[in-house]
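Below is one structure, written out as C-alpha cells; the observations come after it.
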Amino acid sequence: MLAFALVGCGRISRLHVKELRAHPEARIVALADAVPGAPEALIKETFLEKVQVYSSTSELLRREKGLDGVLVATPDHTHRAVVLEVLEAKLPVLCEKPLSVTADEAQPMAEAARKAGVINAVHLSKRYTPAMQYMRRQIESGKAGVVRHVRGRQAVQRISNPDVKLEWRLRRETGGYGALSDLGIHLIDNALYALGFDETRVTEATGLEAVFIGERADPETGRRGQVTAPDAAAFALRFSNGALAHFEVTRFGAGADEFSVDASRVTLRADTVANTVEEYWHEVTDHQMAQSSFRAVDLKGEQSPGVFYRFVEAVRTARPMRPDFTDGLRLMRILDKIHEACESGRRVAVEG
C-alpha cells in the first residue's frame, strides 16, 4: 500500500480524497493545512481513518517518514512554495491546476521537478475522461479528417451569489486570472490534447474579460473590497494547423462542461462531466439549413483511468506521466498571453 499526504484541506480537497481512494493500492496517511480545524473537518466529512494532522508542509515533511507522494490542493498562489518544499524532499507530487498564478511563478516549479527527477503531475482531469479519449482517437487516427473549429464552454455558478465573500479566488494576486485560469485551462488543455499536445501550437489569441460584481465583503474585516480576478472571459485562439477556437468561461452561469470539434469529416460534441459524446458524420447537402442529425456514441465500454489513478500508477511503477509540470508551465504561458490579449484589446502572438 502506497502512503500519500494531502496538503490543503479546502473545497477541492474532497475530490482529491475521493479520487485517490479509487486506487486500491493508495491511502492518505497525513493532512496539512494552516487553517485551524480544516483537516479535522475534512476527516469528519470524508471518514478518513488513522490520519496524522499538521499545520504546515514543513512540519509534515519533517515528521512523516515513508511517504510515497504528496497531493497539493492549496490556493493557487501558494502552490509554488508548497511544491518546492515537496520537491526538495525528493517526493513525487501532484499539484492542483493551475500550476501557479503566472508562468513566472510556475517556471521554478518545472525546473525543480526536472532537477529532482521525481514523478510530477498537474490535476487536469478532463483529458482522461472517456469522452475526450474517444474524441482524441477519432482525430489522431485520421478518421475525423482535418480539424477546422474547436469550441468549448465551462460554467459554474457559486460565485454569482453576491453574498459570497472576497475570497482568494477573486483577487488577482491569489486567484490568478480568475475564471480564465480556473476554468479556461481545461478548455485549452482539451483542445491541445485533442489536436495533439506536442504537435500543435497556439499561434495567436484575442479575447474579453469581465468582472460582474466589482466589490464584495472582506471575510476578515467585513469592509467592501475590489474584485480583481475576472468572473468571466470569452476568447478566441488560432492553432498552428489553421484551426480556430472559441471558448467561454464564467462563474455566473448554470453548470456547463461543453467541448466540440468540427473536422472535415465529422463534428464531435462532448459533455466531459456527463461523459457523453454525440457525433455527426458530414453528408453532401444542397441546403443552408442549420440542422444536422447527431447520434449518441456508446461509451459504456470505455475504460479510462483518471489523473489520480494514473499518478498512483506512475509512483508505483516509477514511470513518468502527463500532464506534468512542463505541460502545466506551457499552459500557464498560454494563459498569460490570453490575459494580455484580453487586457490590451489586441490580438497577441502566443507560441509563434
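Restricting the search to strands (runs of 3 or more DSSP E) fully inside the range 215-303 and requiring at least 3 residues that are assigned by TED's automatic domain parsing to the domain that holds residue 171 and of a type outside the set (S, T, N, Q) gives 215-217, 232-239, 244-250, 256-263, 266-271, 276-281. Quick check on the range 282-294. Is at least one of its residues in contact with an Asp or Glu (Cβ under 6 Å, 6 or more places away or on another chain) and modelled with pLDDT of 95 or more? Checked against the condition, which is being in contact with an Asp or Glu (Cβ under 6 Å, 6 or more places away or on another chain) and modelled with pLDDT of 95 or more, the range 282-294 yields no hits at all.
Quick one: in the range 12-33, which of the residues that are at pLDDT 95 or above and in a loop (DSSP other than H, G, I, E, B) is surrounded by the most Cβ atoms within 10 Å (Cβ to Cβ)?
Start the filter on the range 12-33 by keeping residues that are at pLDDT 95 or above, which leaves 12-20, 23-33.
Going one step further and asking which of them are in a loop (DSSP other than H, G, I, E, B), we end up with 12, 23-25, 33.
Details: 12: 14, 23: 20, 24: 9, 25: 11, 33: 25.
Looking at the filtered set, the residue picked out is 33.
What are the residues in the range 100-139 that are of a type in the set (Gly, Ala, Ser), closer than 28 Å to residue 62 by Cβ and over 14 Å from the mean Cα position of the chain (by Cα), if any? Reasoning before the result, please.
The initial filter retains those residues of the range 100-139 that are of a type in the set (Gly, Ala, Ser), namely 100, 103, 106, 110, 112-113, 116-117, 121, 125, 131.
Pick out the ones that are also closer than 28 Å to residue 62 by Cβ and you get 100, 106, 110, 112-113, 116-117, 121.
106, 110, 112, 113, 116, 117, listed by residue number.
Scanning the range 113-150 for residues that are touching a residue at least 40 places away in the same chain (Cβ under 8 Å), farther than 27 Å from residue 316 by Cα, surrounded by fewer than 18 Cβ atoms within 10 Å (Cβ to Cβ) and not β-branched (Val, Ile, Thr) yields a total of 5.
Taking (1) surrounded by fewer than 16 Cβ atoms within 10 Å (Cβ to Cβ); (2) closer than 29 Å to residue 77 by Cβ in turn, residue 257 satisfies each apart from (1). For the range 38-58, a tally of residues being surrounded by fewer than 14 Cβ atoms within 10 Å (Cβ to Cβ), among the charged types (D, E, K, R) and either part of a helix (DSSP H, G or I) or at positive phi (or both) returns 3.
If you go through the range 95-116 and keep only what is in contact with a strand residue (DSSP E or B) (Cβ under 6 Å, 6 or more places away or on another chain) and more than 17 Å from residue 179 (Cα to Cα), you end up with 95, 113.
Does residue 210 satisfy the criteria of being buried (at least 18 other Cβ atoms within 10 Å of the Cβ) and either closer than 15 Å to residue 339 by Cα or out of contact with any Leu (no Cβ under 6 Å at 6 or more places or on another chain) (or both)?
Values: buried (at least 18 other Cβ atoms within 10 Å of the Cβ): no; either closer than 15 Å to residue 339 by Cα or out of contact with any Leu (no Cβ under 6 Å at 6 or more places or on another chain) (or both): yes.
Criteria not met by residue 210.
So residue 318 fits all but one of (1) of a type in the set (Gly, Ala, Ser); (2) outside the structural domain of residue 95 (by TED's automatic domain parsing); (3) touching a residue at least 60 places away in the same chain (Cβ under 8 Å); what number is the exception? It fails just one condition, (2).
Within the range 261-273, can you find the residues that are surrounded by fewer than 17 Cβ atoms within 10 Å (Cβ to Cβ) and under 17 Å from residue 245 (Cβ atoms)? Step through it out loud before you land on a result.
Let us first name the residues in the range 261-273 that are surrounded by fewer than 17 Cβ atoms within 10 Å (Cβ to Cβ), namely 264-265, 271, 273.
264 - this is the single residue of the range 261-273 that is surrounded by fewer than 17 Cβ atoms within 10 Å (Cβ to Cβ) and under 17 Å from residue 245 (Cβ atoms).
Here the range 59-99 is the region considered, the condition is being without any contact (Cβ under 8 Å) to a residue 40 or more places away in the chain and assigned to a loop (DSSP other than H, G, I, E, B), and the residue that is nearest to the chain's Cα centre (by Cα) is 91. Within the span defined as the range 324-332, one or more residues are in a loop (DSSP other than H, G, I, E, B) and at pLDDT 95 or above.
Residue by residue, here is whether (1) in a helix (DSSP H, G or I); (2) at pLDDT 95 or above; (3) at positive phi; (4) not assigned by TED's automatic domain parsing to the domain that holds residue 232 holds:
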site: 104; (1), (2), (3), (4): yes, yes, no, yes
site: 118; (1), (2), (3), (4): no, yes, no, yes
site: 145; (1), (2), (3), (4): no, yes, yes, no
site: 166; (1), (2), (3), (4): no, yes, no, no
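Of the residues making up the range 59-105, those that are crowded, with 19+ Cβ neighbours inside 10 Å and under 25 Å from residue 318 (Cβ atoms) number 22. Filtering 283, 313 for residues that are surrounded by fewer than 15 Cβ atoms within 10 Å (Cβ to Cβ) and on the phi < 0 side of the Ramachandran plot leaves a single hit, 283.
The values are calculated or read from the model by the stated rules, or taken from the named source; none is laboratory data. These numbers were taken from a predicted model, which means no experiment stands behind them. Cβ atoms come from the backbone with ideal geometry, glycine included; neighbour counts cover every protein chain shown.
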